[in-house]
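The structure appears right after this line, and notes come after that.
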Amino acid sequence: MKALTLAATGGIEHLRVQELPQPSLQSPTDVIVRVQAAALNRLDLFVATGLPGSSLSFPHIVGSDGAGVVHETGAGVSQLRPGDRVMINPTISCGSCPACADEEDSLCSSLRVLGEHRSGTVAEYVVVPARNLATVPARMSPAQAAAFSLATLTAWRMLTTRARVVAGETVLIWGIGGGVAIAALQIARLLGARTIVTSGADEKLEIGRRLGADLLLNHQKADVRAEVRKYTEGLGADVVVDSIGERTWTDSLRSLRRGGRMVICGATTGPMVSMDLRRLFWHGWSILGSTLGNHREYGEIVAHAAEGRLWPVIDRIVPLHQAPAAYERLLRGEQAGKLVIEVAP
Ligand SMILES: [Zn+2]
């Protein structure tokens, strides 16, 4: 089969398309999916660079997001049949540790993420536990289904389980070109919140406008904290959704109301920040980390997709042989929405 692999870590120059043997079922509860489309996430860049503590064997097949059709099922799989259209939840948890028993799959002691710790989705075939598959909603194309899972699941957990956004609250979302930010905007609106989105590029803000954001701020031109204060009658945002890290940290805190929550799922511009702890306790802020999501949350977002309430925005779809160029676009931060790789349409 054809697959996009890393020959080593250290950068995206180690990516190449190559022929590899087709994988076989590892357990009776596994399914082999024939992948039609895969999608890129910031995580794929981190995997290519090399994550601390990671021990990949090479060539390593990349990609966390994917969708396709069931090719073969293990003997213990009854809910899926060959030919079923499926999309993949890349959070592979053990199902039996204390965290999993608490529905905290993303805190599982042996969490494995597709494409990060095991063979990924940018290949003609991928092996996935059956419980990590959901039926693709009828109107959703394979490219849309591939673009949906990781970003939407991450944003859903951030805004619901972690930040517990309720109707009438104001949510500030940085960097509306990214998949998580776009999903966060849709989710915040679904929950009845008022939304403020930022981007350094006007064409990305256009996505925010199209999706109904209440206030659009070009953070290259506008003073975000002042505009947020003005919009909230001096109070500040109830919730700040941040995956940017070092560059936005201070402005995120300065935009937060007293008692507000900041929820963080990434650190694109760097992970090291500092803060005045007196401000933290005096203002009663909550700083919340969040990553991926559990099986219940995945079921919830797929149900919303089936009703058309959550839907991915696609930047572009490229054929498999152009996948390295899609990585370069992601690295330069040019994408407005998800980058999709057509694997075997
Ligand atoms: Zn577990």
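Bear in mind that the values in this text are calculations on the coordinates, not laboratory data. What you see is a predicted model, and the numbers here were worked out from it, not measured in a lab. Glycine also receives a Cβ, built like all others from the backbone with ideal geometry; neighbour counts cover every protein chain displayed.
What whole-number distance in Å separates the alpha-carbon centres of segment 290-313 and segment 66-104?
One Cα centre to the other: 15 Å.
Please turn the phi angles of segment 6-19 into ³J(HN,Hα) values with the Karplus equation 6.51 cos²θ - 1.76 cosθ + 1.60 (θ = phi - 60°), one per residue in order, whole Hz, x for glycine and proline.
Running phi through 6.51 cos²θ - 1.76 cosθ + 1.60 with θ = phi - 60° gives 9, 7, 6, 8, x, x, 6, 5, 8, 7, 7, 8, 9, 8 Hz.
If you place +1 on the Cβ of every Lys and Arg and -1 on the Cβ of every Asp and Glu, how big does the dipole about the Cα centre of the chain come out, in debye to the nearest 20? Can you show the working numbers first?
Details: 35 positive and 33 negative charges, 134 e Å.
Roughly 640 debye for the chain.
Debye calculation, C-alpha points only, no solvent: report log10 I(q)/I(0) for segment 276-345 at q = 0.16, 0.20, 0.26 Å⁻¹, in the same order as the q values.
Rounded to two decimals, the profile gives -0.84, -0.95, -1.05.
Classify segment 39-182 from the C-alpha gyration tensor, please: rounded if a/c falls under 1.5, else prolate or oblate depending on whether a/b exceeds b/c.
Values: a/c = 1.37, a/b = 1.26, b/c = 1.09.
Rounded.
Among 290, 39, 327, whose Cα projects farthest towards the positive end of the dipole of the chain, with charges put on the beta-carbon of Lys, Arg (+1) and Asp, Glu (-1)?
290
Neighbour counts of other C-beta atoms within 10 Å: give me 230, 221 arranged from fewest to most.
Details: 230 11, 221 8.
Starting with the residue having the fewest Cβ neighbours, the order is 221, 230.
Taking Cα centroids, how far is segment 214-289 from segment 139-190 in Å?
A separation of 18 Å, based on Cα centres.
Going by average Cβ neighbours within 10 Å, how do the peptides 234-244, 19-29 rank, with the highest at the top? List each step's numbers first, then the result.
Numbers: 234-244: 23.3, 19-29: 12.5.
Averaged packing, sorted descending, gives the order 234-244, 19-29.
With only alpha-carbon atoms counted, please give the Rg and Dmax of segment 102-234, in Å.
17.4, 53
Test of understanding: ordering 13, 307, 124 by Cβ neighbours within 10 Å, fewest first, what list do you get?
Numbers: 13 13, 307 9, 124 20.
Placing the least packed residue first, the sequence is 307, 13, 124.
Mean projection of the alpha-carbon convex hull of segment 224-345 over all orientations, in nm²?
On the way: hull surface 41.8 nm².
Computed as one quarter of the Cα hull surface, the answer is 10.4 nm².
From the mean inverse distance of alpha carbon pairs (Kirkwood) and the Cα radius of gyration, derive Rg over Rh for segment 112-165.
On the way: Rg = 13.2 Å, Rh = 13.1 Å.
With Rh from the inverse mean 1/r over Cα pairs, Rg/Rh is 1.01.
Could you order the peptides 186-195, 211-220 from most to least packed, using the average number of other C-beta atoms within 10 Å per residue? Walk me through the intermediate numbers first.
Values: 186-195: 20.6, 211-220: 17.0.
Ranking the peptides 186-195, 211-220 by packing returns 186-195, 211-220.
Suppose we keep just the DSSP beta bridges with both residues in segment 82-197; what percent of those would be antiparallel, to 5?
Details: 5 of 10 bridges.
Antiparallel: roughly 50 percent of the beta bridges in segment 82-197.
Using only the alpha carbons of the chain, determine the length spanned along each of the three principal axes and report them from longest to shortest in whole angstroms.
59, 40, 39
Could you size up the charge dipole of segment 107-223 around its Cα centre, putting +1 on the beta carbon of Lys and Arg and -1 on that of Asp and Glu, and report it in debye to the nearest 20?
In total the dipole reaches around 380 debye.
Can you list residues whose amide H is under 5 Å from residue 285's amide H, if they're 5+ apart or on another chain and H is modeled 1.01 Å from N?
Excluding prolines and chain starts, which carry no amide H, the hits are 259.
Is segment 239-296 rounded, prolate or oblate when judged by the Cα gyration tensor, a ≥ b ≥ c being the square roots of its eigenvalues, rounded requiring a/c under 1.5 and prolate requiring a/b larger than b/c? Kindly include the intermediate steps, with their values, before the conclusion.
Values: a/c = 2.18, a/b = 1.30, b/c = 1.68.
In terms of gyration-tensor shape, oblate.
For residue 2, give me every one of the lysines with a C-alpha distance below 29 angstrom, ignoring sequence neighbours fewer than eight places off in its own chain.
Candidates past the 8-residue exclusion: 338.
Using just the helices of the chain, give the 222 nm mean residue ellipticity in deg cm²/dmol: DSSP H runs with n ≥ 4 each add -39,500 (n - 2.57), and the total is spread over all residues, rounded to 500.
Values: 10 runs with 92 residues, N = 345.
That calculation yields -7500 deg cm²/dmol at 222 nm.
Pull up the DSSP beta bridges for the chain and report the antiparallel fraction as a percent, rounded to 5.
Restricted to the chain, the bridges split so that about 55 percent are antiparallel.
Give, in nm to one decimal, the length gained when the segment between residue 103 and residue 84 is fully stretched (0.36 nm per residue of separation minus the Cα-Cα distance). Walk me through the numbers on the way to the answer.
Details: separation 19, 0.36 × 19 = 6.84 nm, distance 2.68 nm.
Gain on extension, residue 103 to residue 84, equals 4.2 nm.
Quick one, could you list the DSSP H helices from the chain stretching 20 Å or more along their long axis (Cα atoms) with average Kyte-Doolittle hydropathy of -0.5 or above?
Values: long enough: 142-157 (24 Å, 0.53).
Taking the DSSP H segments of the chain (at least 20 Å long, mean hydropathy at least -0.5), we get 142-157.
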